[in-house]
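Quick notes on the structure that follows.
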DNA sequence: GTCTATACTTGGATAGAC
DNA sequence: GTCTATCCAAGTATAGAC
């Protein structure tokens, strides 16, 4: 256990941070024990002392980062109670993620995952992510006839996958991203859907409720 | 130039094929000159003779595979003239891609891409992909009021990104994919949208036409 | 155009001193 | 818990015989 009030984060922590930075800047193919250790300013052997293997360091790094992201998403999603809110918050989270690079680190591990155990862990996190979107979507469409037509779980799955895809494409050249225009469009669609709702057949909006 | 009627594909071709297979089965981190050559049944030095470097072999492999995919998508998209068609064709292409593993190879190169030149080439292909979806979407919604609300380019971008994300997630555990249910839902949504169209304010369906 | 052999580099991982 | 030193495996790439 590290001392209280220490100036220097303990090595374990530094390695986890360094792993995220290396994943972000050099990708999965550049995430080696030597590079990560150099980035953390510690000896290469400590990767193996603390984590046993590079693969495990990357796994732990993934878990820590994605759990952080999930907590942020969960907190942000609590404020959603309209489609318009949902789009606005999604836009904000996307911008923040791009800035911090956290999602890049996550997608690098994700794309390269081969071992079933790692895949399992990743899917578990993706599932939580979908759950958050699902919950937000459910609240956002509670008063809309859309709720009856849409299977909310599937829609949340679609949205989550879309974000993942956008992240990967955006990283190839952030300057040329079309994501901002997509958010503008979704914002307009949300507004229209909300204005149109009263024009549609009533009663259907309760179809999904227990 | 290879002889006509040859039994054995020329080495260059075999290496390109082998690269796709290795990318599919072992991912980007397993795509080494030695493994690809072994898979092709040729000597490792031939990777460098024919392609100069592993990175270039992977690039050529990516270009060949993604161009093939694009041709398939383009051909399939020609048959679309309703949202329902679009969903059905998307489902079929998704199933085929999963079976052949071609998209997996593409996403592996994509996720690991670092050099600007490679990113450039990848984005160019992604752009073509978006273009095909855009064109299909435009035809599918030509008679629908949806066309007025939706910026077709942005919607196509969203759909393409979604497919990319789904591919990456599905590969983690194909058994547990939620994609089939998503297609079912989209199919229902398409049907509803088509039934609902006449109920909405008329005239708007022509708003996007020159 | 293909093979063998080899040079060189990098990376994962461990042993042992401190 | 950290470092030095080291081993071994695997990778890229090239030279040169065939």
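The values are calculated or read from the model by the stated rules, or taken from the named source; none is laboratory data. This is a predicted model, so every value here is computed, not measured. Reconstructed Cβ throughout: ideal geometry from the backbone, glycine too, with neighbour counts over all protein chains shown.
Just checking, which of B:91, B:114, B:35 is in a loop (DSSP other than H, G, I, E, B) and within 14 Å of another protein chain (Cβ to nearest Cβ)?
On the way: B:91 fails: in a loop (DSSP other than H, G, I, E, B); B:35 fails: in a loop (DSSP other than H, G, I, E, B).
The match here is B:114.
What do you reckon, is residue A:177 within 8 Å of chain B (Cβ to nearest Cβ), modelled with pLDDT of 95 or more, under 27 Å from residue B:121 (Cα atoms) and under 19 Å from the mean Cα position of the chain (by Cα)? Show your work before the answer.
Numbers: within 8 Å of chain B (Cβ to nearest Cβ): no; modelled with pLDDT of 95 or more: yes; under 27 Å from residue B:121 (Cα atoms): yes; under 19 Å from the mean Cα position of the chain (by Cα): yes.
No.
Evaluate the following for residue A:81: is it away from DNA strand C (no atom under 16 Å from the Cβ), more than 14 Å from every other protein chain (Cβ to nearest Cβ) and part of a helix (DSSP H, G or I)? Step through it out loud before you land on a result.
Working: away from DNA strand C (no atom under 16 Å from the Cβ): yes; more than 14 Å from every other protein chain (Cβ to nearest Cβ): yes; part of a helix (DSSP H, G or I): no.
Against the criterion (away from DNA strand C (no atom under 16 Å from the Cβ), more than 14 Å from every other protein chain (Cβ to nearest Cβ) and part of a helix (DSSP H, G or I)), residue A:81 does not qualify.
Please state which one of B:97, B:10 is more than 14 Å from DNA strand C (Cβ to nearest atom) and either surrounded by fewer than 16 Cβ atoms within 10 Å (Cβ to Cβ) or touching a residue at least 60 places away in the same chain (Cβ under 8 Å) (or both). Break it down stepwise before answering.
Working: B:10 fails: more than 14 Å from DNA strand C (Cβ to nearest atom).
The match here is B:97.
Just to be sure before I move on: is residue A:47 surrounded by 14 or more Cβ atoms within 10 Å (Cβ to Cβ), near DNA strand C (Cβ under 8 Å from one of its atoms), under 12 Å from residue A:19 (Cα atoms) and more than 14 Å from chain B (Cβ to nearest Cβ) in the structure I sent?
Values: surrounded by 14 or more Cβ atoms within 10 Å (Cβ to Cβ): yes; near DNA strand C (Cβ under 8 Å from one of its atoms): yes; under 12 Å from residue A:19 (Cα atoms): yes; more than 14 Å from chain B (Cβ to nearest Cβ): yes.
In short, yes.
Within the range B:75-91, can one find any residue that is surrounded by fewer than 15 Cβ atoms within 10 Å (Cβ to Cβ) and within 12 Å of DNA strand D (Cβ to nearest atom)?
The answer is no, given that none of the residues of the range B:75-91 is surrounded by fewer than 15 Cβ atoms within 10 Å (Cβ to Cβ) and within 12 Å of DNA strand D (Cβ to nearest atom).
Please give the number of the condition residue A:102 fails out of (1) away from chain B (no Cβ under 14 Å); (2) modelled with pLDDT of 95 or more; (3) within 12 Å of the chain's Cα centre (by Cα).
Residue A:102 satisfies all of (1) away from chain B (no Cβ under 14 Å); (2) modelled with pLDDT of 95 or more; (3) within 12 Å of the chain's Cα centre (by Cα) except (2).
Run residue B:23 past the list (1) within 13 Å of DNA strand D (Cβ to nearest atom); (2) within 27 Å of residue B:187 (Cα to Cα) and report the number of the one that doesn't hold.
All conditions pass for residue B:23, except number (2).
For the range A:52-63, check the following and say yes or no: at least one residue is within 16 Å of DNA strand C (Cβ to nearest atom) and on the phi > 0 side of the Ramachandran plot. Let's see the steps before the verdict.
Step one: of the range A:52-63, the residues within 16 Å of DNA strand C (Cβ to nearest atom) are A:52-62.
Add one more test, that the residue is on the phi > 0 side of the Ramachandran plot, and what stays is A:52.
For the range A:52-63, residues within 16 Å of DNA strand C (Cβ to nearest atom) and on the phi > 0 side of the Ramachandran plot: present.
I'd like to check something: does the range A:44-66 contain any residue that is more than 12 Å from DNA strand D (Cβ to nearest atom) and not in a helix (DSSP H, G or I)?
As a first pass, look at the range A:44-66 and keep what is more than 12 Å from DNA strand D (Cβ to nearest atom): A:52-66.
Narrowing the set further to residues that are not in a helix (DSSP H, G or I) leaves A:52-53.
Yes, the range A:44-66 contains at least one residue that is more than 12 Å from DNA strand D (Cβ to nearest atom) and not in a helix (DSSP H, G or I).
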